[in-house]
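Notes for the one structure printed next.
We did not get these values from a lab; they are worked out from the coordinates using the rules stated. This is a predicted model, so every value here is computed, not measured. All Cβ positions, glycine included, derive from the backbone under ideal geometry; neighbour counts span all protein chains shown.
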Amino acid sequence: MKTIKTISFVICLVLLLLFVGGCETKSDIEARQQQEREYFIKSAEESYQEGMAIFQEMDFSNPDKEKSKKASLCFFVGTADHRHFSEREDCASEVKSKCPNAEELYYTANCLEIISEWGTIEKGLTIKNSMLRYYAELIPEKYDGDLKEKVLLIRNQIIDIDENVVKPKAAALKERHKQLQAEYDRTYSERVAKQGDDDPYYDEEFYTAGNYSEDYDDDSYRSEKREDREHHRQSGGGTRRWR
């Protein structure tokens, strides 16, 4: 009986100690929260400085993909989006003072990552126009922060190439397609009459004359399917795939 009482006493004592040890006082909670804030601010500052070191040595005219991606992650830690996602709005003013240009440098890093992926600004704009132009325009025209010259140079180059090279080429290609379609429509009845019972969609003269070939052979469909079209035409098959 005495043994049972002793065991019960020990169990109660252990539970009491666990309960007391597991309870935080108000001052304990405040101290812990302050430590978390300080850690968040310190991490953001260190990450920002790491991104700055990458940008200072990087050649923006020939950006490295991995370094651009790394810089993007480094600068993101100092942005408002990161504070929001991390639920650390209580650190906003401190982080902003430690990472004054995190937003603009983050957008710049994203631009460089896209350019490095495709090789040139023109290709980056042609393939991922909306994103590259979007990030460039998020950088203020009169940006006056860290690495001002390098940041504004790449920003202005992106916008200039988009306006004076990429958009005119796209407009010219669109106009070329319209002309080809108009020519096809204009000569359709003539080709139908000339071919008689043949399917006008297989007018080799129209295709070998250069129409559509240069614009629609990027997936090698025309060259790979030329023999198939001839066989299909002679066999009286259904309609061909329109390119």
On the formula 1/(1 + (r/R0)^6), with r taken between the Cβ atoms of residue 160 and residue 49 and R0 of 30 Å, the FRET efficiency rounded to 0.05 is 0.45
Can you give the FRET efficiency to the nearest 0.05 for residue 31 and residue 148, using r as the Cβ-Cβ distance and R₀ = 35 Å? 0.30
What is the distance in Å between the Cα centroid of region 53-83 and that of region 119-175? 18
Within the under-13-Å Cβ sphere about residue 72, not counting residue 72, Lys/Arg +1 and Asp/Glu -1 give a net charge of -4
